[in-house]
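Only the coordinates and a few stated rules stand behind these numbers; no lab work does. Quick caveat, the model's predicted, so the values are computed rather than measured. Neighbour counts run over all protein chains shown; Cβ positions are idealised from the backbone, glycine included.
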Amino acid sequence: MASRGLTYDEFEMGAVFPSQARTVTEADVVNFAGLSGDFNPLHTDAEFGKSTPIGERIAHGVLILAMATGMANWMGIFEGTTIALMEQVTRYKGAVKFGDTIHLEMEVTEKKPTSKPDRGVVKFAVRIRNQRDEVVVEGEWTLLMKTKS
């Protein structure tokens, strides 16, 4: 069965892949707090949130990163062709508030063949933007991808 994803050979340098957007809800943050055990008042206490420089509660940075991995999956470019996620470098650039709508952009920045002909390494610059087109998270993801052969 042919996979929908792109192989190492099909990723072109400089290609940009944008995802569908989604709105970050209070339910997302509450569920993530329960799953992770991170009940920091920055995320879970509305009164505490009012006392911060942002002036309200914000989403967990790692939640936004986790959502981005889902957005990457929605694109279909990795479906059936990814061997491994090798590295994620993450820089948090701004807060994501409840009700913000975010999307992911992935840009191919590097490709390296490996010693095995059935795989290659692809590095992406990753940007998560909010509805105002502000970058709230950026970084690099390195993936080991299947080749066409």
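Which one is nearest to residue 145 (Cα to Cα) among residues in the stretch 3-53 that are in contact (Cβ under 8 Å) with a residue 60 or more places away in the chain and among the small types (Gly, Ala, Ser)? Step by step, filter the stretch 3-53, then rank; the result is 5. Kindly establish whether residue 48 is exposed (fewer than 15 other Cβ atoms within 10 Å of the Cβ) and touching a Pro at 6+ places or on another chain (Cβ under 9 Å). For residue 48, the condition - exposed (fewer than 15 other Cβ atoms within 10 Å of the Cβ) and touching a Pro at 6+ places or on another chain (Cβ under 9 Å) - is met. Taking the stretch 48-60 as the range and being in a helix (DSSP H, G or I) and not small (Gly, Ala, Ser) as the test, the residues that pass are 48, 50.
The residues in the stretch 44-90 that are in contact with an Asp or Glu (Cβ under 7 Å, 6 or more places away or on another chain) and under 14 Å from residue 124 (Cβ atoms) can be counted, and the count is 1.
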